[in-house]
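See structure below.
None of the figures in this text is laboratory data; all of them are computed from the coordinates on show. Predicted model only: the values in this text are computed from it and were never measured. Because the Cβ atoms are built from the backbone with ideal geometry, glycine has one as well, and the counts that use them run over all protein chains shown.
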Amino acid sequence: MQGYAVSAGVLAIVAYVLVDGPQAIRIGVAACVALALCFFMPRIGGPSSHRARLLEYFREQLGGDGPFTCEVELSPAALITRQMGTESTHPWAQVMSVAEIAEGIEFVYRPMGGLLVRNRAFADARARLEFLTLARRLVSKGISADARPR
């Protein structure tokens, strides 16, 4: 938005300089040019072009449109995720909750963050239920371990 405002200001000054006549008319024309540009410029080069540039940037960084494999491991010590050469470890004491939602299984971390393991990650309903059961058991152990006096 700052870029649009600066462009509109510069073009308003150009309009002021180029228009002949009394100062009130020159100021009026410059103001109309600035207002018109502030109104139309965001619509011409607005969110859709920004979105396209952002998508292009992520395609370059990630090497394509996907799919991108993400491994989720439930170890006795932590919830571990691996994706694109990066490993994240969240000790069970940092996992606030695990919930079954329509899209899959959702983990919420302390102080902030989360993970959604989508339904498509499981071969069948039985595998999903086993994963959820184990996750709930490990989260409850992490919460009880976190509650111990130090």
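Between the beta carbons of Phe39 and Ser97, assuming R0 = 35 Å, the FRET efficiency works out to 0.15 to the nearest 0.05.
Label-to-label distance, Arg137 versus Arg59, with points set 7 angstrom from Cα along the beta-carbon direction: 4.6 nm. This ranking places Val139, Val6, Val29 by how few other beta-carbon atoms lie within 10 Å of each, fewest first, which gives Val6, Val29, Val139. Build a GNM of the chain with springs between Cα atoms under 10 Å: which of Pro22, Pro76, Pro67 gets the top mean-square fluctuation? Of Pro22, Pro76, Pro67, the most mobile in the Gaussian network model is Pro22.
Gain on full extension, evaluated as 0.36 nm per residue between Ala121 and Glu87 minus their Cα-Cα distance, stands at 10.4 nm.
Relative contact order, whole percent, for the chain stands at 13, derived from Cα pairs under 8 Å and 6 or more residues apart. Translational diffusion coefficient, Stokes-Einstein: compute it for the chain using the Kirkwood radius over C-alpha pairs as Rh, at 20 °C and 1.002 mPa s, and state it as an integer in µm² s⁻¹. This corresponds to a translational diffusion coefficient of 105 µm²/s. Using only the alpha-carbon atoms, how far is helix 125-147 inclined from the longest principal axis of the chain? Give it as 0 to 90 degrees, nearest 10. It works out to around 90 degrees.
With kT/(6 pi eta Rh) evaluated at 10 °C and eta = 1.306 mPa s, and Rh the Kirkwood radius from Cα pairs, the stretch 70-147 diffuses with a coefficient of 125 µm²/s according to Stokes-Einstein.
Legend: calculated FRET efficiency, Val14 to Arg51, from the Cβ-Cβ distance at R0 = 35 Å, rounded to 0.05, equals 0.70.
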